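Report on the structure given below.
Just so it is clear, none of the values below were taken in a lab; they were calculated from the coordinates. These numbers come from a predicted model, not from an experiment. We place every Cβ from the backbone using ideal geometry, glycine too, and count neighbours over all the protein chains shown.
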Amino acid sequence: MQKLERLLETTYGGMLVMALSILIVGLLVMKLLLYLSERLLSRSRLDPALHAFILVAAKILLWVVLVIIILSALNVPTVPLVTLLGATGAAIALALRDSLSNVAAGLIILFSKPILKGEIVEIEEKKMLGIVDAIDLMTTHLHTLDNKKITVPNSMIINSVVLNYSREPKRRVDCVAAISYDADINTAKQLLLKVATSCPSVLQNEEIIIGVNALGEDGVLLDVKAWCLTDDYFDVKYYIEEHIKLAFDKAGIEIPYRKLDVNLRDVKGPRV
């Protein structure tokens with residue numbers, strides 16, 4: 001009996017020593033792996049918002065693996081633990097399905113990069129236009145052109161049509177000018193071309209389009225389409241719109257506007 005007790009003590013002591021050794025070595029290996037992961041992430045092209053998420057996920061995974069290895073060394077059945085972890089994870093995922101959908105959408109945004117910090121974007125479904133400030137795992141932060149803060153769930157961005165106004169290096173400026181039916185179209189088109197080419201920010205190597213857009217109820221609508229660098233878009237648009245008015249005024253071309261003619265009739269009837 002004494003020999004058996006000594007054997008059991010030796011066996012349990014040996015398992016405890018092995019478990020402690022595994023814990024120490026495991027902690028050192030975890031620290032090394034996390035350090036290497038952090039170094040690799042810092043050199044990668046992944047968005048910085050992803051770095052913290054990947055490191056936390058890796059740390060949790062390493063801890064789970066280490067605990068399972070230690071329990072195995074202590075001859076503790078690990079199958080129920082794995083089953084419990086799976087059931088707990090499923091319950092948590094079900095309870096937080098909306099939040100997890102935002103996290104999944106955030107990962108998609110950070111990896112596929114449909115939008116980036118500093119870009120001007122419009123979420124078409126909600127008619128929200130703004131400049132991207134930051135992209136988190138659950139939300140994207142923007143501010144409007146008049147400096148209002150917007151916080152958008154990432155799932156909304158993934159499930160909506162997003163217009164990115166900053167991604168391409170150049171954009172086309174579209175303006176519409178109206179002239180009366182009495183004005184000469186050819187003269188108006190020459191003036192519009194002169195206005196577009198006189199703008200210093202218009203790309204002269206790109207085609208400038210001047211043409212009739214429509215015959216409206218109040219006048220003839222002419223298109224002015226010119227290309228510029230994306231950063232110069234608003235400067236070019238304001239320049240063209242202003243100088244169209246100045247050029248038409250100087251040339252005596254009327255810009256039509258809606259008029260209302262009122263005819264008064266003196267209706268004489270019997271006095272009561």
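Could you work out the mean projected area of the convex hull around the alpha carbons of the stretch 170-251, in square nanometres to one decimal? Please list the in-between numbers first.
Working: hull surface 20.1 nm².
About 5.0 nm², averaged over all directions.
Hey, fewest Cβ within 10 Å first, where do Thr139, Thr144 land in order?
Least to most surrounded, the residues fall as Thr144, Thr139.
Pulled fully out, how much extra length does the chain show between Leu100 and Thr151, if you take 0.36 nm times their separation in residues and subtract their Cα-Cα distance?
Gain on extension, Leu100 to Thr151, equals 16.7 nm.
Mind giving me the nanometre distance, one decimal, between the label points for Ile22 and His51, set 7 Å out from Cα along Cα→Cβ?
3.4
In the structure shown, do any of Lys127/Lys148; Lys59/Lys117; Lys117/Lys237; Lys170/Lys250; Lys148/Lys237 have a Cα-Cα gap over 21 Å, and if so which?
Too far apart for the 21 Å limit: Lys59/Lys117; Lys117/Lys237; Lys170/Lys250; Lys148/Lys237.
Computed FRET efficiency, Cβ-Cβ of Asp235 and Ser44, R0 45 Å: what is it to the nearest 0.05?
Taking R0 as 45 Å, the efficiency between Asp235 and Ser44 is 0.75.
Residue separation times 0.36 nm, minus the C-alpha to C-alpha distance between His143 and Ile209: what's the value? List each step's numbers first, then the result.
Numbers: separation 66, 0.36 × 66 = 23.76 nm, distance 3.36 nm.
Between His143 and Ile209, full extension yields 20.4 nm more.
May I ask you to derive the FRET efficiency for Asp174 and Ala134 from their Cβ-Cβ distance with R0 = 45 Å, giving the value to the nearest 0.05?
0.90
For a protection proxy built on the mean count of beta-carbon atoms within 10 angstrom, sort 166-174, 210-218, 231-239 highest first, please.
The peptides rank, most packed first, as 231-239, 166-174, 210-218.
Listing Ser112, Ser155 from the residue with the fewest other Cβ atoms within 10 Å to the one with the most, what is the order?
Working: Ser112 9, Ser155 20.
Least to most surrounded, the residues fall as Ser112, Ser155.
On full extension of the chain, what length is gained from Ser198 through Leu116, given 0.36 nm per residue of separation minus the C-alpha to C-alpha distance?
26.2 nm
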